[in-house]
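Below: one structure, written as structure tokens.
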Amino acid sequence: MNILFPSKVVSQFQHIIIHSNVFLILEDDETFSYKFKGDFVLSTNSRFVVRDYYFPGGRRKYSYHLQDSNANLIFRYDNEPHWASLPTFPHHKHLPDSVIESAEMTLEMVFAEIEQLLNAQM
């Protein structure tokens, strides 16, 4: 899996971001590790909240939460170890009425999915 530093990913998707609050960004080139927390308002006034940690050695913890302008969940990807029955455990995707299996996600993959959703709404 090819993972980019969050600052590079965010710059690739500036065209769909209206406003951003980045609360924490620590990137270490030497160990290729990072800690990233961000809150983005997107072109449809939807909100994208990111928590993404990549630790030295490759362990990750992430949550990518997308909600509409009325604060209704669209989806959330995370790897919190609580849906052990899913074949992709601990990786999964929350939808408004269910939780489904998911591959391990990256910020770039989720932004690309969001971009497709936004383009479909236009």
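Here is how the numbers come out for the structure above:
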{"item": "Filter result for residue 47 (closer than 21 Å to residue 121 by Cα and buried (at least 16 other Cβ atoms within 10 Å of the Cβ))", "result": "yes"}
{"item": "In region 24-44, the residues that are surrounded by fewer than 17 Cβ atoms within 10 Å (Cβ to Cβ), of a type in the set (A, V, I, L, M, F, W, C) and either modelled with pLDDT of 90 or more or over 15 Å from the mean Cα position of the chain (by Cα) (or both)", "result": "26, 32, 41"}
{"item": "Region 52-66 - residue that is surrounded by fewer than 16 Cβ atoms within 10 Å (Cβ to Cβ) and without any contact (Cβ under 8 Å) to a residue 24 or more places away in the chain and, of those, nearest to the chain's Cα centre (by Cα)", "result": "61"}
{"item": "Pairs with Cβ under 8 Å, 6+ apart, first in region 75-86 and closer than 17 Å to residue 97 by Cβ and without any contact (Cβ under 8 Å) to a residue 40 or more places away in the chain, second among the β-branched types (Val, Ile, Thr) and buried (at least 17 other Cβ atoms within 10 Å of the Cβ)", "result": "77/110"}
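The values are calculated or read from the model by the stated rules, or taken from the named source; none is laboratory data. Remember, it's a predicted structure, so these values are computed and weren't measured experimentally. Note that we place each Cβ from the backbone using ideal geometry, even for glycine, and neighbour counts take in every protein chain shown.
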